[in-house]
1. Just from its helices, what would the mean residue ellipticity at 222 nm be for the chain, if runs of 4 or more DSSP H residues each count -39500 (n - 2.57) and the sum is divided by every residue, rounded to the nearest 500 deg cm²/dmol?
2. Tell me the per residue accessible area of the chain using a 1.4 Å probe; a whole number in Å² is fine.
3. What is the percent carbon and sulfur in the accessible area of the chain, measuring with a 1.4 Å probe over the protein chains and ignoring ligands?
4. For segment 30-95, build the convex hull from the C-alpha positions and give me its volume per residue in Å³.
5. Which whole-Hz couplings ³J(HN,Hα) result when phi for each residue of segment 156-173 is put into the Karplus expression 6.51 cos²θ - 1.76 cosθ + 1.60, θ = phi - 60°, listed in order with x for Gly and Pro?
6. For Thr183, what accessible surface area do you get with a 1.4 Å probe? Give it in Å², rounded to 10.
7. Considering only DSSP states other than H, G, I, E and B, which trypsin sites (Lys or Arg not before Pro) in segment 106-140 qualify as loop sites with at most 14 other Cβ atoms within 10 Å?
8. In whole Hz, what ³J(HN,Hα) sequence does segment 125-136 give by Karplus (6.51, -1.76, 1.60; θ = phi - 60°), x for Gly and Pro?
Amino acid sequence: MQDRHAINFPTRRLLLAMATATSVSSPAWAQATPTEVVERFHATLLEIMRNAGSLGVRGRFDRLAPVMQASFDLPAMTRIAIGPAWSNMTPDQQGQLVQAFSEWSISTYANRFNGFSGESFSTAGVTTLRSGDQMVRTALNRVNDAPVQLNYLVRQASAGWRIVDVYLTGTISELASRRAEFTTVLQQGGPDRLIAELRRRAAALMRG
């Protein structure tokens, strides 16, 4: 019973975030440049890091959810991470996967950014790719360690510019890593297995 409650917890908050994301994203977010989209997301991360203790993981999830809905194209990211198998799934399976992937993504950030030790974000520049996408180059600056390079692939969507991938250390595509992992799970048990696995992971992260 406790595990089922933990799984449902992010779902309720994600549904609330989806209902309020329009007010968060319009009109300022819809008109934001790729750099502004990334920097507003970073500002939220710093806010939850500074207040991590008082918020707790659930409070951090609540604060992050509407901002990530406005910053990331989570449905597109779900499709990219799953790859060709997406086209063979039913609309219901696709919808559940978008929901589960979104919960897991937001829970990951809520769990990971759990304290503040003087970190800051800086933006190095933007590169326009041949596809028309924008690569926003940034760094997470740490006081007693080397900075971590984070590059964001930002794409024009119907609601404005949205992040569709994050490149860790500047070169490692997060979604490419996810696709290899998801392919294995899909081969083992199909979409239902992947949905259950993403929900399980989100629940574990929300427990802190």
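1. Working: 6 runs with 125 residues, N = 208.
My calculation for the chain gives -21000 deg cm²/dmol from helical runs alone.
2. Values: 10130 Å² over 208 residues.
Accessible area per residue, the chain: 49 Å².
3. Accessible surface attributable to carbon and sulfur in the chain totals 52 percent.
4. Numbers: hull volume 7.6 nm³, N = 66.
Roughly 116 Å³ of hull volume per residue.
5. With coefficients 6.51, -1.76 and 1.60, one gets 6, 10, 4, 9, x, 6, 9, 6, 10, 6, 10, 9, 6, 6, x, 10, 8, 5 Hz.
6. For Thr183, solvent-accessible area is about 50 Å².
7. On the way: sites: Arg112, Arg130, Arg137; in loops: Arg130.
Hits after loop and neighbour filter: Arg130.
8. x, 10, 10, 8, 8, 4, 6, x, 5, 10, 10, 8
The values are calculated or read from the model by the stated rules, or taken from the named source; none is laboratory data. Note that the coordinates shown come from a computational prediction; the quantities given were computed from them, not determined experimentally. Don't worry about glycine lacking a Cβ; one is built from the backbone with ideal geometry, like all the others, and counts go over all protein chains shown. Side chains are part of the model used for accessible areas, which takes the heavy atoms of the whole protein and leaves out ligands, DNA and RNA. Shrake-Rupley method; radii C 1.70, N 1.55, O 1.52, S 1.80 Å.
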